[in-house]
Structure formats: C-alpha cells, structure tokens
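S.K.: Questions regarding the structure given below will be posed in turn.
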Amino acid sequence: MSTEQLPEHPDFLWRNPEPKSSYDAVIVGGGGHGLATAYFLAKNHGMTNIAVLEKGWLAGGNMARNTTIIRSNYLWDESAAIYEHALKLWEILPEELEYDFLFSQRGVMNLAHTLGDVRESMRRVGANKLNGVDAEWLDPKQVKELCPILNISDNIRYPVMGATYQPRAGIAKHDHVAWAFARKCDELGVDIIQNCEVTGFVKDGNRVVGVKTNQGTINTEKVGLCAAGHSSVLAEMAGFRLPIQSHPLQALVSELHEPVHPTVVMSNHVHVYVSQAHKGELVMGAGVDSYNGYGQRGSFHVIEHQMAAAVELFPIFARAHVLRTWGGIVDTTLDASPIVGNTPVENMFVNCGWGTGGFKGTPAAGMTFAHNIATGTPHKLNKPFALERFETGALIDEHGAAAVAH
Amino acid sequence: MLLISCPNCGSRDETEFHYGGQAHVAYPENPSALNDREWAEFLFYRDNTKGAFAERWLHSTGCRQWFNMLRDTVTYEIQAVYPMGSPRPDTPGPAPESGTASTAADSTTTGTAAPKISGTSISGTSTSSTSTTAPEGATK
C-alpha cells in the first residue's frame, strides 16, 4: 500500500468522436454500468456499431463517488447468483481488460452488534455457503485478529459480537475500472460520446427508433438506459414509470495515513463502512439521506453520524481529519434490488435500481444487460430482476436481509 | 442540513423530522377493483421528480404532526409548507398570509422571485392522479 503501486495514468485511453447519425444500439450513461454493457455487447455479441452517451464526463457520476467495495455475500439466491457472478468477473477482468485496476481481495467483514444481528449473520453465512459464496462466521477475537484496530471491548454502546467474513471480497480503484472498460470499448469500435445529454426519444408507435440529444438526433435500433439516479427522468421522457426514488448518498475520505486498516469493515447497526484506499485515505460511507434528491450532496448530520460510528469502532480514527465529503445520486427500489430488463417501450431496456450498491455489480450488470439488449430476452441471472416483479410480487427483498449497507 | 419550518413549531433542524415521501397519493377508492398492475402502481411507484416536488414530512420530535412541503429536489430549496389535505400550491414562494402554513419557509426561501414550476408538474401518469381529496389524515 503505497503510492508507488499506482499505475501511471496513460495519456490516451479512448477517442472522443462526434456522434454518427445512427447506431445499432445506444447506451445512455457513461458510468461503470454503461461502459461494461457496451464492452460486453461488443465482446460477447459482436455489436460494435454502438455508442455510449454521457451527459457529463466519463465515469463522473456514481462511478467516481462510490466507496469501491466489492462483495457477494447476499442472502437471497437471486442476489447471490448475480453478485457472485460479478465477483468472479472481477477476478478475471484485470487480465481480460489488460489493465490492473488494483482489485484487492482483502476481505469484507460485516459486524454483528445485537443478538438479532448474530442470528441474521449466521443465517446469511449458511445461505452464502449453499450458494457457493465464500463466507465464514468470526467471533470477536477472530475479528480482532483480522483487524487489530477494531474496538471489540464490551464498554462501547454496541459491542462487536462477531462478524461475517468474505475473504474474496475487497476493493478496487473505481476510476481505473471505468478507464479499463472505456479503453477496451474504444478498441472494439464503440463510440464514447461525452457531454452528450439525452433530451428525448424518438418513437415509432411504442418502439424506440432514436435518441434526441444536445448533439442532435441519433437513430438507433435499441436503447439501453444505464443512468442510475436519473433513470426516472429518462423513463419519463420515454413515457413509462420506474419504481425508483433518487436519494443523495454521501461518503468521505480522511487525509492519507500509513496502512492501518487491512480489510473492509461494514456495520449496519452503527451504520458505517470503512476501508483504506491504496493511497492511504480512510474511505467511509453509510446510508442515504432520507429525502429525495438530485443535488449530489446531502445533509451534514449524516456525515457526522457515520464518523461517530467509525470513531467508536476504530478509536484511532479520532485524530484523523476529514479531507473531503461528497454525494452521489442513488436510485433506490423498495426491495433494495436492481431492475435489469425490458421496459414497456419496445427495444428500450433498463438497468437501474442498484441503489447504494451498484459498483460491485458492474461486471454482471454489464454482462447480463448486454445479453438482454442483444437478444431481447433476459439472461438467466437478470431474469428475476425484471420490472414485472413489482406486479407479480416476486420481490427480492434484500432490505434488512443481506448486509444492508451496500 | 435542511432548516424546515414546521407549521406548528416554526423553524427546526431537519434532524427533528421524518421524511414521508411523495404527497397527495390517494388510497385507492375501490381497492378490490384494482388489478395487479394498479396495485403495483399504488404500492411501489412514486414520482421521482427532478425539480419542485410535493412531499410529506413528520415533525417526529416536535409536534408529531404531518404536513406537506414543496421542495426543489435539485437545489433542496423549500418553496412552500402547507397542511395535509390542502392542494399543492400552484406557485411556490412566500408563504400564504393565512392558515397553518403561515410560518412556511420563512428562513429557507430567499427573497428573490419565486421559481416558476409550471413546467414541472408531477409526471402525468395513471396513478399519480393527485387527488387532493385523499384521506391523508389517515397517515397521521
């Protein structure tokens, strides 16, 4: 863990082409999910005459604002399947994309602070093992061995009663992940068009045939929406609704420190998650601000609360200074699971609702969504995450079931 | 942190309040007549407006009363505070002179001209029909 490990930033990773008048498919949103989708469309389905439209700069939204945690220890079969597939892809992507984005499998611990937590955690460990996800239960002493700076004393408000641990989980450098996908997309012929904001859609009856942008109208046979917090805005332009609420989600980093934190620690009960970035910042996040918001900022008491939780768990953080805080706009669903699949508009597909946990899902979102766009039918991994589940009642209720704080 | 003007208690920190999501969502008049799609709309679909948004708040550590608020979801500016059961104000801005909304947004609304919101109506879709006669008191 030192600055020398960071790869040099290349001068050039992708072209900045003018949009063509038509494409076989257009992906709206040039974040991790949009780029991964374009990559798998090109690589797995041979669709290279495609464009990724980004209203700002590449990967400047939630892809640049998450806390980079990657894990797959979800409770339900459907979630475990898609997130574990993502984790398996994370394990091979640095080689496949020929870009070392420093995926560090340093493990993720989910702390238990109440008897309810302990029971839920042990249940989740069991469920994970049945689904082929690496998981184990640690008692407080084992927690302390793995992460010596954690306070496991009984004299705190919510003592650590144990933790689940997923050794294969970890963190990666999110910007580098985006650049890795972008470079490969570009090599495969995908046009990445920045500063290109979608302002509407062209429809023939109920079929989408084009995208209106601030750089002109682009004809296309298929449209994939990967716009996270702005998914509802795009859906409204296209004439349908999504069961999404956009909230601010804040995170923060400290100034740089010597390596002190060897793993990733998450606590739903006192509500904070903490890791130490490769450069040395302590990276922390917690839950969303309660109100709907598109402002990419939240209220300070949320930051204060997560820092209080962090200091209780990690007494040595008391002297660390906050370097900066920021917010992203996360697209939450009521069952805390994503929506990946077809929409009421023909040839328009949506990948959204990843809420507070989209980064870890990036490769699987891209792989399944590309399959869905290319074939018109969902991949088996994203089929349960269809929009229709809100009608059929087949919800995938990860709220309070998995390690909530994504 | 938002500074919210409770109609009963005046300006208080956001931490005293609980968020209640979109306002003016009526309970179905004839629930047994709804199909699955319509139930899904009522249960899971809410407007997710970018711009002026009518929403409910509960002053949970104060008067413990619900009220409605018109707030911009981009700037977070509070544009109006008004009672449950009242229709959404057409034009946000300085609070009305009378009624329980008299303390509305006094400290959070700037003195400049009220933002125009006529173009940002709640997205026109079937179940977002914003019946202002909804029995909202039931949510108290």
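S.K.: Consider all pairwise Cα distances in region A:167-252 and report the whole-number % of them above 17 Å. Present the calculation step by step, with values, prior to reporting the outcome.
M.R.: Values: 2346 of 3655 pairs.
Summing the P(r) tail past 17 Å for region A:167-252 gives 64 percent.
S.K.: Can I ask one more? Regarding the protein assembly as shown, what's the average projected area of the Cα-atom convex hull, expressed in nm²?
M.R.: 25.6 nm²
S.K.: Can I ask one more? Across region B:26-34, in residue order, what do the Karplus-derived ³J(HN,Hα) couplings come to in whole Hz, using 6.51 cos²θ - 1.76 cosθ + 1.60 with θ = phi - 60° and x for Gly and Pro?
M.R.: 7, 5, x, 5, 10, x, 5, 8, 6
S.K.: Any idea what the dipole of chain A comes to, in debye rounded to 20, about its Cα centre with Lys/Arg Cβ at +1 and Asp/Glu Cβ at -1?
M.R.: Details: 32 positive and 42 negative charges, 70 e Å.
That gives chain A a dipole magnitude of about 340 debye.
S.K.: Then there is this: What list of ³J(HN,Hα) couplings, whole Hz, do you get for region A:224-235 from phi and the Karplus terms 6.51, -1.76, 1.60, once you set θ to phi - 60° and write x for glycine and proline?
M.R.: x, 8, 10, 10, 6, x, 9, 4, 5, 5, 5, 4
S.K.: By accessible area of protein heavy atoms, probe 1.4 Å, what ranking do A:His305, A:His371 get, highest first?
M.R.: Numbers: A:His305 115, A:His371 50 Å².
The ranking, largest first, comes out as A:His305, A:His371.
S.K.: List, largest first, the extents of the alpha carbons of region A:343-404 along their principal axes, each in whole Å.
M.R.: 34, 27, 18
S.K.: Once phi is turned into ³J(HN,Hα) by the Karplus curve 6.51 cos²θ - 1.76 cosθ + 1.60 with θ = phi - 60°, what whole-Hz value does each residue of region B:44-51 show in order, with x for glycine and proline?
M.R.: Whole-Hz 3J(HN,Hα) from phi for region B:44-51: 10, 9, 10, 4, 10, 5, 9, x.
S.K.: With just the Cα atoms defining each centre, how far is region A:197-217 from region A:325-382? Give it in Å.
M.R.: What the calculation gives is 21 Å, centre to centre.
S.K.: Listed highest first by mean packing, meaning other Cβ atoms within 10 Å per residue, what order do A:66-74, A:215-223 come in?
M.R.: Highest mean packing first, the order is A:66-74, A:215-223.
S.K.: Students often forget the sequence filter, so: which aspartates and glutamates lie under 12 Å Cα-Cα from A:Lys173 once same-chain residues fewer than 8 apart are removed?
M.R.: A:Asp100
S.K.: What's the long-distance tail for region A:270-356, i.e. % of Cα pairs beyond 14 Å?
M.R.: Numbers: 2663 of 3741 pairs.
The share of Cα pairs beyond 14 Å in region A:270-356 comes to 71 percent.
S.K.: Still on this model: Exceeding 18 Å between C-alpha atoms, which entries from my cross-link table qualify? They are A:Lys203/A:Lys380; A:Lys129/A:Lys380; A:Lys88/A:Lys129; A:Lys43/A:Lys212.
M.R.: On the way: A:Lys203/A:Lys380 29 Å; A:Lys129/A:Lys380 21 Å; A:Lys88/A:Lys129 15 Å; A:Lys43/A:Lys212 27 Å.
Flagged as over cut-off: A:Lys203/A:Lys380; A:Lys129/A:Lys380; A:Lys43/A:Lys212.
S.K.: For chain A, with a Gaussian network of springs between Cα atoms less than 10 Å apart, report the residue from A:Leu138, A:Leu323, A:Leu188 with the top mean-square fluctuation.
M.R.: Of A:Leu138, A:Leu323, A:Leu188, the most mobile in the Gaussian network model is A:Leu323.
S.K.: Check which residues have an amide H placed less than 5 Å from A:Leu395's amide H, if you skip close sequence neighbours.
M.R.: none
S.K.: Another question about this same structure. Given only helices, namely DSSP H runs of n ≥ 4 each adding -39500 (n - 2.57), what is the per-residue ellipticity at 222 nm of chain A, to the nearest 500 deg cm²/dmol? Display every interim value, and only then the final one.
M.R.: Working: 9 runs with 115 residues, N = 406.
Helix contribution divided over all residues of chain A: -9000 deg cm²/dmol.
S.K.: How many percent of the accessible area of the protein assembly as shown is carbon or sulfur, using a 1.4 Å probe?
M.R.: Working: 11320 of 21860 Å².
That fraction is 52 percent.
S.K.: Measure off 7 Å from each Cα along the Cα-to-Cβ vector at B:Asn8 and A:Phe12, then give the distance between these two points in nanometres to one decimal.
M.R.: With each label placed 7 Å out from Cα toward Cβ, I get 6.7 nm.
The values are calculated or read from the model by the stated rules, or taken from the named source; none is laboratory data. As the structure is a prediction and not an experimental result, all values here were calculated from the model. All Cβ positions, even for glycine, are placed from backbone atoms using ideal geometry, and neighbour counts span all protein chains on display. The protein model used for the area step is the full one, side chains on, heavy atoms only, and it has no ligands, DNA or RNA in it. Shrake-Rupley method; radii C 1.70, N 1.55, O 1.52, S 1.80 Å.
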